[in-house]
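The values are calculated or read from the model by the stated rules, or taken from the named source; none is laboratory data. This is a predicted model, so every value here is computed, not measured. Backbone-built Cβ (ideal geometry, glycine too); neighbour counts: all protein chains shown.
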Amino acid sequence: MKKTIVLFTIPLLMLVFVSCSGNESHIPEDQILARVGDHVITAREFQLNYEFGFPHLMQGENRKEEYLHRMIAELLIAQRGYELQIDTLSSIRNAVQTMREERVIEEVFNHFVLSNIEISRKEIEYEVNKTAVSVQFRYLPAANRTHAERLRQQLLEDSFETVAAQFVTDVFDATNDQIAERFTSRVTKAVDVNPELISHLQDLELHTPSEPIQYQDQWYIFMVHNIIRTPLSPYDIANRSVSARKVLYNTKAMQMAAEFVNETMTPFNVETNRSTFERIVPHLFELYEQGTPAGTLWNRISEGRRTESYYRELYAVRSEPLVYTSIGTWSVERFFRTFNTGRYQLRPDTPESFTLRFSDVIALVVRDVVLLEKARAERLEESFDVQRDIRRWQDKWVFQETRNRILDTLAFNNDVVMQFVNSESSPYPEQIRGRSFNDYQEGSIHRFRRDFLAQALMNAAEEFKQIHKVTINYAMLDTITVSQSSANPNMSLQVFNQNSNRMAYPVLDPIW
């Protein structure tokens, strides 16, 4: 048997990517906030890092300046990592390759979808006006279209209350008005009503029954019962126009993305083989119960078949067809050679949820192969923005690995921490210094250890400044505005990628 899936594919093609140099020489001078050796930090990069990061953890008087110095320290340590060739580690290379695919897929949607979105002034005005309108409607469900047409004819000849009372046969001791109220919505802002339903209601005259409408697999007759319009001041209109444009943009982006994927994939008529799918899911679930594997699965399966039964079972069906297309078939082996576990999250919460998610993952893997080929044809992977984003993530991962190696070389015990607390260069006031280890509470000890490690990293970064020159445009820093909540300045916002669960933007590590 075959099971149809939503998204489609063409044969896997090799992608040749340029190295993620970041092309920093192409960045205009008036955008550069700081130089760290041959690397730069732009004003926009600082702004995004700050707004999506944890600046409230900075204790200095000038949070922006302290935050920038920490960003510079991370970049200095990362440059030391490049000198040690840490970027050649398999863990770093796998992470970068995963990020590269993810970012190039994003660029496909930027190029083919988002760049084509147009929003007219008329659309914005309509959306703003919707925010000032509340609607109340009545409805009667019908068993089928014929029944709905009969109800409509009755409503044209008699009142809603009377028709509703005739319609309801299981209500006793209720007046016609009480019955009608049962089929009357609350007064609701138009923007909060399902867009599909609004499209049916918006052209109806008051108290006039609609034509039969099939809405969410049910036939209905609708009537607009009440419309309330709130006057808008020029300030309201201007203020709501910004929000309305964002709503329209997001709505169109979702609609156009779905249309783009459908138009791209439909010609290939892709299906999954249900019997093969059902054979591999239990063993894959068992594999994931041991922990999420890194990279692609095929090497793990081929090597692990000698020791674990679930690997043997997956290996045994390696030649079985898993995905059919109009121009070829994907075997189980081919799928697992392509499936990157870092990009498509699978969690063994329950067998049922795992099965549903894996079905979606198959669709996404196959779809993304097609989109990566479209990116190759358009040379989207060579885009400056794509390469810059990949380089930022690579810098972050190289920093983290280098940081761990630096900290591993430290003599780190309670005596060392107390020497740090009580030294002449101690960052703590006199009333905190001069005690024995046992005099401090656990929370204080934790803070001392954290501060000691952070200071060790800052000291290392200072040493690297002797090799990599650092310059900062303080005048530009003073002009950079950053968003923060007026209700709670210490609140932070993080945005994550839906599939990989990775943060949307690499930010300064909150605690070193």
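A few remarks follow.
- The listed residue being basic (Lys, Arg), out of contact with any Leu (no Cβ under 8 Å at 6 or more places or on another chain) and closer than 30 Å to residue 179 by Cβ, out of 100, 150: 150
- Of all residues making up the range 34-55, the number that are in a strand (DSSP E or B) and either under 14 Å from residue 389 (Cα atoms) or out of contact with any helix residue (DSSP H, G or I) (no Cβ under 8 Å at 6 or more places or on another chain) (or both): 5
- Within the range 46-63, the set of residues being surrounded by 18 or more Cβ atoms within 10 Å (Cβ to Cβ) and over 25 Å from the mean Cα position of the chain (by Cα) comprises 58 only.
- Only one entry in 398, 369, 317 is buried (at least 16 other Cβ atoms within 10 Å of the Cβ), out of contact with any Ser or Thr (no Cβ under 8 Å at 6 or more places or on another chain) and either under 27 Å from residue 506 (Cβ atoms) or in the same structural domain as residue 273 (by TED's automatic domain parsing) (or both), namely 398.
- Qualifying residue in the range 325-337 (condition: within 27 Å of residue 96 (Cα to Cα) and in contact with a Lys or Arg (Cβ under 6 Å, 6 or more places away or on another chain)): yes
- Scope the range 183-203; condition assigned to a loop (DSSP other than H, G, I, E, B), surrounded by 13 or more Cβ atoms within 10 Å (Cβ to Cβ) and touching a residue at least 24 places away in the same chain (Cβ under 8 Å); matching residues: 183, 185, 187, 193
- Any hit, the range 220-228, residues being assigned to a loop (DSSP other than H, G, I, E, B) and of a type in the set (Phe, Trp, Tyr): no
- If you go through the range 445-462 and keep only what is without any contact (Cβ under 8 Å) to a residue 12 or more places away in the chain and in contact with a helix residue (DSSP H, G or I) (Cβ under 9 Å, 6 or more places away or on another chain), you end up with just 462.
- Lone qualifier among 329, 355 - being among the polar types (S, T, N, Q) and not in a helix (DSSP H, G or I): 329
- So residue 192, is it within 35 Å of the chain's Cα centre (by Cα) and closer than 26 Å to residue 156 by Cα: no
- Test: residue in the range 312-335 that is more than 19 Å from residue 276 (Cβ to Cβ) and in contact with a Pro (Cβ under 6 Å, 6 or more places away or on another chain): no
- Taking the listed residues 137, 167, the one that is at pLDDT 95 or above and either over 29 Å from the mean Cα position of the chain (by Cα) or not assigned by TED's automatic domain parsing to the domain that holds residue 293 (or both) is 137, with no other qualifying.
- Test for residue 454: is it modelled with pLDDT of 85 or more, of a type in the set (Gly, Ala, Ser) and loosely packed, with under 14 Cβ neighbours inside 10 Å: no
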